Amino acid sequence: DCQSPRGIFAPVGTAHSYELMRMVALAIHNSQSIETTKLRESLEALENYHGIIRDYDRPFPFNHHDALDATDFFLARFDSEGVIVPLDT
């Protein structure tokens, strides 16, 4: 029973997993197939995806299959209540 964001275990990983599965579901829908080659081609063809982490412009282009890059990350720490707090850089 999650009453607040504090109740989500590994919130960043949970959000990223959710986002990825939504993109995979969209690629399956678009290709009407779960065959690996068609699914990969459909993921590579995704143009814009408006997600919860961020908006993606071509998340999986042919030559780069990582939807996130170094600009999507930041350093953070947990405070005394277990809340993620970004570090000043």
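What to note about this one:
- With respect to the conditions (1) more than 29 Å from Ala76 (Cβ to Cβ); (2) among the β-branched types (Val, Ile, Thr); (3) open to solvent by less than 100 Å² (accessible area, probe 1.4 Å), Thr14 falls short on a single one, namely (1).
- Flag for Ser33 being among the small types (Gly, Ala, Ser) and in a helix (DSSP H, G or I): no
- Any pair with Cβ under 7 angstrom, 6 or more apart, that starts in segment 39-52 at a residue that is touching a residue at least 24 places away in the same chain (Cβ under 8 Å) and over 9 Å from Ile28 (Cα atoms) and ends at one that is in a helix (DSSP H, G or I) and open to solvent by less than 70 Å² (accessible area, probe 1.4 Å): Tyr49/Met23; Gly51/Glu19; Ile52/Ala15; Ile52/Glu19
- Residue in segment 57-65 that is free of Cβ contacts under 8 Å to residues at least 40 places away in the same chain and part of a helix (DSSP H, G or I) present: no
The values are calculated or read from the model by the stated rules, or taken from the named source; none is laboratory data. Computed from a prediction, not measured in an experiment: that's the story for all the values here. With ideal geometry, Cβ positions are generated from the backbone for all residues, glycine too; neighbour counts draw on all protein chains shown. Please note that ligands, DNA and RNA were not included when accessible areas were found on the heavy atoms of the full protein model with its side chains. Shrake-Rupley method; radii C 1.70, N 1.55, O 1.52, S 1.80 Å.
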